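Engineer: Provided herewith is a single structure, encoded as structure tokens, for subsequent inquiry.
The values are calculated or read from the model by the stated rules, or taken from the named source; none is laboratory data. Keep in mind that what you see is a predicted model, and the values were worked out from it rather than measured. Positions of Cβ are backbone-derived with ideal geometry, glycine not excepted, and every protein chain shown enters the neighbour counts. All accessible areas refer to the heavy atoms of the entire protein, side chains included, with ligands and DNA or RNA removed. Shrake-Rupley method; radii C 1.70, N 1.55, O 1.52, S 1.80 Å.
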Amino acid sequence: QAQLVESGGGWVQAGGSLRLSCATSGRTNGMGWFRQAPGKERECVASINWSGSATYYTDSAKGRFTISRDNAKNTVYLQMNSLKPEDTAIYYCAAHRSFNIRTLVNEYDTWGQGTQVTVSS
């Protein structure tokens, strides 16, 4: 089972950008980025299939976030632009066994430790 390590979180002003990275210890199939804000449920922000040919974005992320992967480097990325205070959350990288897109928390079986993203107004 692959291990996942996120990096790239931090503090940014509204309108700014951050790039999250998720390094995996081995080959993975479908991957996703989730976030969880205080008092809220964990939600899928973006998901990507094994080859990178298909992606999913939650409505609030469309047009601002881009998920991508480099299988040669065993790394998945989340480029976040035009950040808003409501994007503040802990962001988690996750992996599942399917080759396709998955968006539910219980469909993922491997999780990273999370990285904090804070967007100030």
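Engineer: Apply the Debye scattering formula to the chain, with a single equal point scatterer on each alpha-carbon and no solvent, then give log10 I(q)/I(0) at q = 0.20 Å⁻¹.
Structural biologist: -1.05
Engineer: How large is the charge dipole for segment 19-65, taken about the Cα centre, if only the Cβ atoms of Lys, Arg (+1) and Asp, Glu (-1) carry charge, to the nearest 20 debye?
Structural biologist: About 140 debye.
Engineer: Any cysteines in the chain with zero other Cys Cβ atoms under 4.7 Å from their Cβ? List them, or say none.
Structural biologist: 44
Engineer: Which value, in Å², gives the accessible area per residue of segment 9-121 when a 1.4 Å probe is used on the protein heavy atoms?
Structural biologist: Accessible surface, normalised per residue, equals 50 Å².
Engineer: Another question, if that's okay. Please give the length that would be gained between residue 1 and residue 54 if that part of the chain were fully extended, namely 0.36 nm times their separation in residues minus their C-alpha to C-alpha distance (nm, one decimal).
Structural biologist: Extra length from residue 1 to residue 54 when fully extended: 16.8 nm.
Engineer: I'd like to know which of 82, 110, 66 lies farthest towards the positive end of the charge dipole of the chain, counting +1 on Cβ of Lys and Arg and -1 on Cβ of Asp and Glu.
Structural biologist: 66
Engineer: Taking the chain as a Gaussian network, where each spring joins two C-alpha atoms under 10 Å apart, which residue of 53, 68, 98 fluctuates the most?
Structural biologist: In this elastic network of the chain, the residue with the biggest mean-square fluctuation among 53, 68, 98 is 53.
Engineer: Can you list the HN-Hα couplings for segment 107-121, worked out from phi with the Karplus curve (6.51, -1.76, 1.60; θ = phi - 60°), rounded to whole Hz and with x for Gly and Pro?
Structural biologist: Here the 3J(HN,Hα) series is 8, 9, 10, 9, 10, x, 7, x, 9, 7, 10, 10, 10, 9, 8 Hz.
Engineer: Okay, moving on. Roughly how many debye, to the nearest 20, is the charge dipole of the chain about its Cα centre, given +1 on each Lys and Arg Cβ, -1 on each Asp and Glu Cβ, and no other charges?
Structural biologist: 200
Engineer: Once the Cα gyration tensor of segment 1-50 is found, what semi-axes does its equivalent ellipsoid get, as square roots of 5 times the eigenvalues, in whole Å, sorted largest first?
Structural biologist: In descending order the semi-axes read 22, 15, 11 Å.
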